[in-house]
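The values are calculated or read from the model by the stated rules, or taken from the named source; none is laboratory data. It should be emphasised that the depicted structure is a prediction, and the values quoted were computed from it without experimental measurement. With ideal geometry, Cβ positions are generated from the backbone for all residues, glycine too; neighbour counts draw on all protein chains shown. The area values use the complete protein model at the heavy-atom level, side chains included, leaving out ligands, DNA and RNA. Shrake-Rupley method; radii C 1.70, N 1.55, O 1.52, S 1.80 Å.
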Amino acid sequence: MADIDSLFTYLVEAGGSDLHLSEGEHPKIRIHGAISEIPDQKLLTHELIDSLLSEICDPKAYELYKKTGDLDFAYSMDKQSRFRCNYLQQKNGLAAVFRLIPTEIASLEDLNIPQVIKQFGHMRSGLVLVTGPTGSGKSTTLAALIDYINSNFNRHIITIEEPIEFVHTNKKSIITQREVPIQTPSFADGLRATLREDADIVLVGEMRDLETISLALTAAETGLLVFGTLHTNNARKTVDRIVDVFPADQQSQVRTMLAASLRGVVAQLLMKRCDKPGRAAVNEIMFANTAVSAIIREGATQKLYDVIIGGKSEGMQFMDEAIWDKLQSGMVTPQEAYMKAIDKTRFKKFLPKDLVHLGDASGESPLEH
């Protein structure tokens, strides 16, 4: 093992997505969702992993990592290979996970994302939420949407990310990319500053706390188009999560603000393909029409299901319908459809008899927990 770049090169050539290094273990990579050891590699002793991790990291940041136990940054090996780096400490010592970030920004067409989401790029103000579990491709989809806006409209787009993943070049728009905590101390600080920076659009890499969510709602109300991400896996849970972050005495007011400013939700999951190697994105899409706004104000989010099902002609799509389409086309197995579905009863009958015990028909998804 000469250096860390040789491990990155192996990851790229193997078609993997993530490199895992952990003290006391052998280096491992993830390919199409499955993790395996890199062959013919030494066990990662403390000295070896310390040498590998310090190799690509700013010395001051590395010292900080040694003290705090966490560090996020991005590293470019060459023009084709850029990595999101997360350093952590665990019970056996040092560890890190590296996610390969494509340097070419894929288009929405390339990603097979429903083209109707381009409508969000045409909007002038409001809040658009792109949601899904960790590793579901939210950043990739958002990068494609930002690139669509950049290619077609004259806007000032500010992104606040931790770390910066996809690097955008100015096309028709001006793009200002700010990294937390290097160029701005936090998501909330970066978002607060956009109100003074002549922005048209702001992308908030993660809406993880009350202050950031509150500022995003305010920015959307004051005329900015705000794109944000949450770790929820459907539209109903997304609305509930935004409201539940606030204290009980503020929730009625927040529902009113959200009803006025929400423009839509794109929820995304990745499903393992069975027709060829790789994974396919499936999306739930909700546009905030008058019915959706009224439901949010009422706090009756269980009714959103009917609006999404009934809004097919407007481009809306329910997650289980998207999963059903993938199953019908032979792209995914019944087991994969069952595991990712919200209403499991619909898919249970397609499971092989020996796998029916995978779960009950409660409608709960393993991803909910």
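Going through region 299-324 one residue at a time, which ones are assigned to a helix (DSSP H, G or I), in contact (Cβ under 8 Å) with a residue 24 or more places away in the chain and surrounded by fewer than 21 Cβ atoms within 10 Å (Cβ to Cβ)? Result: T301, Q302, Y305, E314.
Taking the criterion of being under 15 Å from N283 (Cβ atoms) and free of Cβ contacts under 8 Å to residues at least 24 places away in the same chain, the residues of region 103-161 that qualify are E109, Q115. Close Cβ contacts (under 8 Å, 6 or more residues apart or on different chains) running from residues in region 228-247 that are more than 22 Å from I309 (Cα to Cα) and among the acidic types (D, E) to residues that are modelled with pLDDT of 95 or more and not in a strand (DSSP E or B) comprise D244/Q251.
All told, D58 falls short of being on the phi > 0 side of the Ramachandran plot, open to solvent by 70 Å² or more (accessible area, probe 1.4 Å) and at pLDDT below 95. Based on this model, can you work out whether T238 counts as open to solvent by less than 40 Å² (accessible area, probe 1.4 Å) and in a loop (DSSP other than H, G, I, E, B)? For T238, the condition - open to solvent by less than 40 Å² (accessible area, probe 1.4 Å) and in a loop (DSSP other than H, G, I, E, B) - is not met. For first residues located in region 333-344 and under 19 Å from K237 (Cβ atoms) and open to solvent by 50 Å² or more (accessible area, probe 1.4 Å), partners that are assigned to a helix (DSSP H, G or I) and at pLDDT 95 or above and lie 6+ apart or on another chain with Cβ distances below 8 Å form the pairs D343/D320.
Filtering region 139-149 for residues that are closer than 25 Å to V254 by Cβ and modelled with pLDDT of 95 or more leaves a non-empty set. Can L258 be described as under 22 Å from I201 (Cβ atoms), aliphatic (A, V, I, L, M), open to solvent by less than 20 Å² (accessible area, probe 1.4 Å) and in contact (Cβ under 8 Å) with a residue 12 or more places away in the chain? Answer is yes for this residue. Taken over region 222-242, the residue count meeting the criterion of being of a type in the set (D, E, K, R) and under 15 Å from T212 (Cβ atoms) is 1. Of the listed requirements (1) of a type in the set (A, V, I, L, M); (2) touching a strand residue (DSSP E or B) at 6+ places or on another chain (Cβ under 7 Å); (3) surrounded by fewer than 22 Cβ atoms within 10 Å (Cβ to Cβ); (4) not in a helix (DSSP H, G or I), A106 misses just one: (2). In region 119-138, which residue that is in a loop (DSSP other than H, G, I, E, B) and modelled with pLDDT of 95 or more is surrounded by the fewest Cβ atoms within 10 Å (Cβ to Cβ)? Going through the qualifying residues, I end up with R124. Entry remark, region 268-298: residues being in a loop (DSSP other than H, G, I, E, B), closer than 18 Å to R30 by Cβ and open to solvent by less than 40 Å² (accessible area, probe 1.4 Å) number 1 in total. Annotation note: of V97, V116, the sole residue that is in a strand (DSSP E or B) and either open to solvent by 30 Å² or more (accessible area, probe 1.4 Å) or under 30 Å from T256 (Cβ atoms) (or both) is V97. Being of a type in the set (D, E, K, R) and not in a loop (DSSP other than H, G, I, E, B) is the filter; apply it to region 143-191 and report the residue that is surrounded by the most Cβ atoms within 10 Å (Cβ to Cβ). Across region 143-191, the extreme among qualifying residues is E161. Taken over region 28-39, the criterion of being under 25 Å from the mean Cα position of the chain (by Cα) and either open to solvent by 40 Å² or more (accessible area, probe 1.4 Å) or not β-branched (V, I, T) (or both) is satisfied by K28, R30, I31, H32, G33, A34, I35, S36. Among the residues of region 208-220, those that are free of Cβ contacts under 8 Å to residues at least 60 places away in the same chain and either of a type outside the set (S, T, Y) or open to solvent by 10 Å² or more (accessible area, probe 1.4 Å) (or both) comprise R208, D209, L210, E211, I213, S214, L215, T218, A219.
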